[in-house]
Amino acid sequence: MVAVIAAVLIAALQQPTALTIGSASARPGQASSGFIEVPAGSDAATRIPISIVRGVQAGPTIALIAGTHGSEVAPIVALQRVRALIDPAAMRGTVLIVHVANMPSFLGRTIYYSPIDGKNLNRVYPGKADGTVSERIAYAITNQIIERADYLVDMHATSSLTRRGHATSAHLSTRRIRRNCGANPP
């Protein structure tokens with residue numbers, strides 16, 4: 001009996017730990033979706049839909065962020081498709097997906113500014129734990145997603161709500177690039 005208990009304990013200790021962010025939790029070789037809850041402050045609470053996809057082998061972590069501005073639908077749809085296509089059994093490393101970074105702006109279909117606090121999420125990073133809803137969203141994404149990432153792709157697009165033509169862009173960032181350029185990595 002002691003040998004069985006010892007074997008179970010050893011097996012449990014050898015299991016790779018799960019990566020948990022908000023309500024999403026994934027072990028190597030698994031994918032999971034959930035939410036990062038952003039608590040109420042001086043204004044309403046919100047939540048950020050995310051996915052974690054972990055390869056069977058260790059490797060770098062890439063964060064993909066969409067939905068910073070409520071009218072930028074193309075990156076949101078693209079990341080839904082990416083999530084469906086990624087096979088954790090066929091990859092190494094981790095993919096962290098923020099499907100809609102700014103839910104208040106998305107639901108309000110505002111172009112740049114939150115309908116709750118009037119702030120542009122893209123301009124308030126790294127955010128504040130006790131700030132307005134945009135600042136709290138930025139704080140949550142910075143601390144729970146960006147700080148874990150080796151690479152970051154911040155996806156943006158125009159839409160029929162803007163006066164510019166249709167375009168999609170991505171801001172690429174890595175700790176190595178920031179360090180090589182003389183910036184302080186987080």
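No lab work stands behind these numbers, since they all come straight from the coordinates. Not measured: the values here are computed from a predicted model. Neighbour counts are summed over all protein chains in view; Cβ atoms, including those assigned to glycine, are modelled from backbone coordinates with ideal geometry.
Worth a mention:
- Mean Cβ neighbour count within 10 Å, used as a protection proxy, ranking 103-112, 48-57, 61-70, 33-42 highest first: 61-70, 48-57, 103-112, 33-42
- Ellipsoid fit via the Cα gyration tensor, region 18-180: semi-axes of 25, 18, 15 Å, each the root of five times an eigenvalue, largest first.
- Long-range amide H partners of Thr61 with built H, under 5 Å: Thr94, Asp150, Tyr151
- Sequentially through region 123-132, phi angles give Karplus couplings (6.51, -1.76, 1.60; θ = phi - 60°) of 10, 10, 5, x, x, 9, 4, 10, x, 6 Hz, Gly and Pro residues having no value and appearing as x.
- Under-5 Å amide H pairs with Arg47, H placed in peptide plane, nonlocal only: Val38
- Burial ranking of peptide ranges 135-147, 113-125 (average Cβ count within 10 Å, highest at the top): 135-147, 113-125
- Model label sites at Asp87 and Asp43, defined 7 Å from Cα along the beta-carbon direction, differ in position by 4.4 nm.
- Here the relative contact order of region 18-180, from alpha carbon pairs under 8 Å that lie six or more residues apart, stands at 22 percent.
- Annotation: amide H of Ala101 within the under-5 Å range of Ala66, Gly67, Thr68, sequence separation 5 or more or interchain, hydrogens built in the peptide plane.
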